[in-house]
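So the structure is just underneath, and the comments pick up after that.
Each value in this text was obtained by applying a stated rule to the coordinates, not by laboratory testing. What you see is a predicted model, and the numbers here were worked out from it, not measured in a lab. Here the Cβ is made from the backbone with ideal geometry for all residues, glycine too, and neighbour counts use every protein chain on show.
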Amino acid sequence: MWLCDRLLLLIGRNGFEMPDGARASARDGSVLHGKVWATSYASLEDNERRHALLVRFPTTVSPAGLELRKEGRTARIAEAQLARGTTDLRSLLRRHLAALDESARRRFLSMIVDGVHEELADTASYSLAAHLNQIRDALRPPLDARVRTRHDRQTVQVERILGIDERSFWVRGWGVDRSGRDLRVELISPEGHRVSLDSAHRHARPDVDQFFAGADAPKLGVETGVKHGFVSYFELPSPSLISSGWIAELRDPGGDGVEQLAPPLETDLPAVRAGIMTDIKDFGDLEAEDELLCRHVHPALTRLQERLRSSTHADTVMQYGDPVASPHVSVIVPLYGRIDFMEHQLCQFMHDSEFRDLDLMYVLDSPELGDQLANAAAALHSLYELPFRTVVLNRNAGYSIANNIGASLARGRLLVFLNSDVVPDSPGWVGRLASFYDATPGIGALGPKLLYEDASLQHAGLYFDRRPGTTVWTNLHYYKGLRGDFEPANVSRPVPAVTGACLMIARSTWEEMGGLRCDFVQGGYEDSDLCLRLLEAGRDNWYLAHVELHHLEDQSFPAGARLMATAYNEWLQTHLWGEQIEQLMSDGRFQIEAVALSAE
């Protein structure tokens, strides 16, 4: 029977045998060559030997006969035989495969999965995935799947399975085997792929130990050294397209075991990311070489962020007022969660004549607010009469992606990345930044002085220090919280990094660096990563003391929304740059005591 228009499944008796790897030829106006997978089994029904072949053709075919060849052997099937043998999948499974023993079922299912995954990878066909699911359920010998109790010898539970994309997944769960042996758990996809969790991150689960504590059985958990919990990132060779039906199996060396149906697959990317971040909080050790983060979290979140990047684009771009013909500078402001800050900025920008010659752009990373933004933008342009653009993304993708898309639409030679909660202290600040930038050879990124509402210092350049009690490097601001006129903060100087809350960079340099790295989660460390890459490329990052703006820190993106992300971003920065940061901060120019002394 045809599993799809390029995959033919054949089952026959003695005389039909053809080894795995044979080549198939079919005539459909011309000769088409296909690849063959094969297995054989003894029917428990009549004790006859049967042979199963899966043939994949390179294109859609309705063959007028089939010829199979390998090593001088040939088997021919006439068109009439093919027509007579055609049946539906349910009938084939019931008539030919229901009586197979466990070993034959495994071989047959393995042949199907191996032969189909290329087709599934090429076509992402849901109907083919559904056929595979039907074959899996018919052939897979089920294990004990009854409701678990604390007296059971073996128990396995999948608490959640997350779909990063159709091939990349995250699973969290636990399993108990009272024999005291380490877990041997496998996941089975709805399409029949088996995934060993031998390389999963294992961790203690005191809640599981407590649940089983009253059972009349050997002790669990820390008393035996067995870690019942598992978390794992894994990939499949072809897509899994069905959202329900994942199964977890736990077996002992003798083959006995239990199984459990996993909850439905979660595929909403913000929920997937939140699930992974929760597992970091619950089970991770935020040290540079932590096994959970290195082997599982990092590849999972990198893949998730890449999917966000590749699937995000500017959905609508609206120009308000006449665009500036040849702007010298583009000012890019990302908006997330709230749009009211746009008015606070525009009412300040209108008093600055430079903004009538700039390319000002607001990039909305909350598309659900698109209508509100359109209404507000029209009214604000009518009121303040400044030209600006709005860009609405098709999905929420995060700080780095929003800024990268904004930069791709910018028209200026210099780019200014500005948080929506940053407002100027006086007019002309963009021009002063640009003049300093153009006059400074070898400059990378440039940042001004940023002040809180009470005129205390928020930013006078960034440096790095280890978070107390850890090996993780975090970002700190020179003199944060001191008086805005603190003398050392009044000195313009090279610094390790500057904040992305207000950062100027040449467009050519930005493009050379490839923009902001998208691996960081929800914003916070992309700016320091960019500055570290600029230093690596031989450019200096500068703090400009005589340009002052006010920053209502954490208002454009409240701190509560990024608490879990911050810990991961610090770990990732250390993972990527730990050695370079250590060398950088051993340079006396950047140590905070030396900076203060140099200003005296």
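Highest mean first, the peptides 373-382, 188-197 sorted by other C-beta atoms within 10 Å per residue fall in the order 188-197, 373-382. Working from the Cα coordinates of the stretch 312-598, the gyration tensor eigenvalues give, after taking √(5λ), semi-axes of 30, 21, 18 Å in decreasing order. Output the 0 to 90 degree angle, nearest 10, between the alpha-carbon long axis of helix 370-384 and the longest principal axis computed from the alpha carbons of the chain. Tilt of helix 370-384: around 20 degrees.
Lysine pairs in the chain whose alpha-carbon atoms fall under 25 angstrom of each other, counting only those eight or more residues apart or on distinct chains, come to 4. A simple rule links phi to the HN-Hα coupling: the Karplus curve 6.51 cos²θ - 1.76 cosθ + 1.60 with θ = phi - 60°, which for the stretch 445-450 gives 10, 10, x, x, 6, 10 Hz, with x for Gly and Pro.
Against the main long axis of the alpha-carbon atoms of the chain, helix 298-311 sits at an angle near 80°. For Trp542, the amide hydrogen comes within under 5 Å of the amide hydrogens of Gly444, Ala445, Leu446, Gly447, Val495, counting only partners 5 or more places away or on other chains and with H modelled in the peptide plane.
Which percent, nearest 5, of DSSP beta bridges in the chain are antiparallel? Beta bridges within the chain, antiparallel portion: roughly 80 percent. Go through Pro239, Thr312, Leu532 and say which Cα lies farthest out towards the positive end of the charge dipole of the chain; charges sit on Cβ, +1 for Lys and Arg, -1 for Asp and Glu. Value: Pro239. Hey, what D do you get for the stretch 154-308 in µm²/s if you plug the Kirkwood alpha-carbon radius into Stokes-Einstein at 25 °C and 0.890 mPa s? Rounded, D is 153 µm²/s. Using only Cα atoms, locate the centre of the stretch 450-490 and the centre of the stretch 340-401, then give the distance between them in Å, rounded to an integer. If you average the Cα positions of each part, the centres end up 29 Å apart.
Seen through its C-alpha gyration tensor, with square-root eigenvalues sorted a ≥ b ≥ c, the stretch 333-372 comes out prolate because a/c lies at 1.5 or above while a/b is bigger than b/c.
Taking Cα atoms only, the orientation of helix 526-536 departs from the longest principal axis of the chain by about 80 degrees. Please name whichever of Gly12, Gly444, Pro488 sits farthest to the positive end of the charge dipole of the chain, dipole taken about the Cα centre and charges placed at Cβ: Lys and Arg +1, Asp and Glu -1. Checking the options against the dipole of the chain, the answer is Gly12. Can you bin the chain into rounded, prolate or oblate? Criterion: square roots of the alpha carbon gyration tensor eigenvalues sorted a ≥ b ≥ c, rounded for a/c under 1.5, prolate for a/b above b/c, oblate for the rest. It comes out prolate by the Cα gyration axes. Counting only Cβ charges, +1 for Lys and Arg and -1 for Asp and Glu, the dipole size of the chain around its Cα centre is about 2660 debye.
Among Trp170, Trp2, sorting on how many other beta-carbon atoms sit within 10 Å of each Cβ, with the fewest leading, yields Trp2, Trp170.
Each peptide in 396-404, 343-351 receives the mean, over its residues, of other Cβ atoms within 10 Å, and ordering these scores from highest gives 396-404, 343-351. Using a/c under 1.5 as the rounded threshold, could you call the stretch 470-554 rounded, prolate or oblate? The axes a ≥ b ≥ c are square roots of the C-alpha gyration tensor eigenvalues, and prolate needs a/b larger than b/c, oblate otherwise. It is prolate, given that a/c is not under 1.5 and a/b is the larger ratio. Legend: ranking of residues Ile405, Ile505 from fewest to most surrounding C-beta atoms inside 10 Å; resulting order Ile405, Ile505. Each residue of the stretch 163-174 was assigned a 3J(HN,Hα) from its phi angle through the Karplus expression (A = 6.51, B = -1.76, C = 1.60, θ = phi - 60°), giving x, 6, 8, 6, 10, 10, 9, 10, 10, 9, x, 7 Hz with x at Gly and Pro.
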